[in-house]
Structures are given as structure tokens and as C-alpha cells.
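One structure is given below, encoded as C-alpha cells.
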Amino acid sequence: MSDSYIRLIPDDQRWQPTVEAAASAAAYVAELFYGQGDAVERVEVTFYDRVTLIDAGEYTTRIACSRCEADISLDWLGDVVRENGGASFDSLDVLVPCCGAAAELDSLHYEEPIRFARFEVSAMNPTRARSELDGTELARVAQLLGHPVVQVLAHY
């Protein structure tokens, strides 16, 4: 069985909210999925010690170099994660395989958004007429957290 997620993260990869703000944001997100036939399996908050890859799972189908625009294999990103010992990073600096340029992982162009963060609110298996959050809902999450957010839709 596969799982879908809405992953909400700060637009600043190093920023983290207070525990109280995170709990308020998670409660609000959970409330968005209660209604006629709407549901969510669970809503969680995660604080990461290091900047962590927030990927889109199967939705990510393409990476392009931010320097030369050449395609980069998804396997390359997997290798970078494995060589790093996991999806958390002290530095996002890499040498891209296409042109050998120095770049940061967060500067590459991903077909579906891949981001990096030290915090996320995730909703697992959300169901409602519109699964992703709209601008008003994202603004409310940002207000509760005290910082602007972006969403990454993921499927595994």
C-alpha cells in the first residue's frame, strides 16, 4: 500500500518554530481534514537536528542542473544521500555530475519540489475534495508557526 503526504516546511531551511507553535499548526492542519468524507490518517510535527531532505517521493521525476540546465539522474541524488549517510546534511554543497560545477542541492531544479528543512508538519493520507492546502490555509499555518511556509506533496 502506498502513502501520500502533505509536507509543510518553513521557507528558510534552517528555521524552526517553538514547540507550542508547532503543536498549534498541527492541530489546525488536522482540523482541515475533518468534514463530510474528509479524513487524515495522522498529522505529525518533526524537528530535525540538521537540514534534511524533504522529498516528493514518486512525484519527483526529474532533476536539472541550475548551472548548465542538463538533466541529472535521480540515482545521483540517491547516491549523494547514501554517501552522506542519510538525508540530513551539514552542508548542501555538491559538485554536479553534468558540468562539474559547484552548486547547492537546494539550487537544483526539481520536477516536483524537493526542499530542505529542519522542521515539518506532515499530514499522512489526507482525503478531501482538494488535498493540497490553498493560499489562505498556507497563510494560516504560517501565522501559527510565525514564519512563511511552503508545501511539498509526496507519494511513497
(request) Could you list all residues from the stretch 28-47 that are more than 14 Å from the chain's Cα centre (by Cα) and surrounded by 13 or more Cβ atoms within 10 Å (Cβ to Cβ)? (result) Tyr28, Val29, Ala30, Leu32, Phe33, Asp38, Val40, Glu41, Val43
(message) On the basis of being within 28 Å of Ala26 (Cα to Cα), outside any strand (DSSP E or B) and either out of contact with any Leu (no Cβ under 7 Å at 6 or more places or on another chain) or among the charged types (D, E, K, R) (or both), does Glu112 make the cut?
(response) yes
(request) Taking the residues in the stretch 94-126 that are in contact with a helix residue (DSSP H, G or I) (Cβ under 8 Å, 6 or more places away or on another chain) and free of Cβ contacts under 8 Å to residues at least 60 places away in the same chain as candidates, determine which candidate is nearest to Asp38 (Cα to Cα). (result) Leu105
(message) If I filter the stretch 27-45 down to residues being part of a helix (DSSP H, G or I), among the aliphatic types (A, V, I, L, M) and touching a helix residue (DSSP H, G or I) at 6+ places or on another chain (Cβ under 9 Å), which single residue comes out as nearest to Glu132 (Cα to Cα)?
(response) Val29
(request) Filter the stretch 79-106 down to residues that are surrounded by fewer than 14 Cβ atoms within 10 Å (Cβ to Cβ) and within 16 Å of the chain's Cα centre (by Cα), then give me how many there are. (result) 1
(message) Looking only at residues that are of a type outside the set (S, T, N, Q), farther than 23 Å from Asp71 by Cβ and surrounded by fewer than 18 Cβ atoms within 10 Å (Cβ to Cβ) in the stretch 107-129, which one is modelled with the lowest pLDDT?
(response) Ala129
(request) Please state which one of Glu132, Glu69 is on the phi > 0 side of the Ramachandran plot, charged (D, E, K, R), part of a loop (DSSP other than H, G, I, E, B) and surrounded by fewer than 16 Cβ atoms within 10 Å (Cβ to Cβ). (result) Glu69
(request) Check Ala87, Ala117, Ala129, Ala103 and return the single one that is aliphatic (A, V, I, L, M) and more than 25 Å from Ser4 (Cβ to Cβ). (result) Ala103
(request) Check Cys68 against each of (1) in contact with a Leu (Cβ under 8 Å, 6 or more places away or on another chain); (2) of a type in the set (A, V, I, L, M, F, W, C); (3) at pLDDT 95 or above and name the one condition it does not meet. (result) (1)
(message) Any residue that is assigned to a loop (DSSP other than H, G, I, E, B) and among the aromatic types (Phe, Trp, Tyr) - is there at least one of those in the stretch 76-87?
(response) no
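The values are calculated or read from the model by the stated rules, or taken from the named source; none is laboratory data. As the structure is a computational prediction, the values presented were derived from the model and not from experiment. For neighbour counting, all protein chains shown are included, and Cβ atoms are generated from backbone atoms with ideal geometry for every residue, glycine included.
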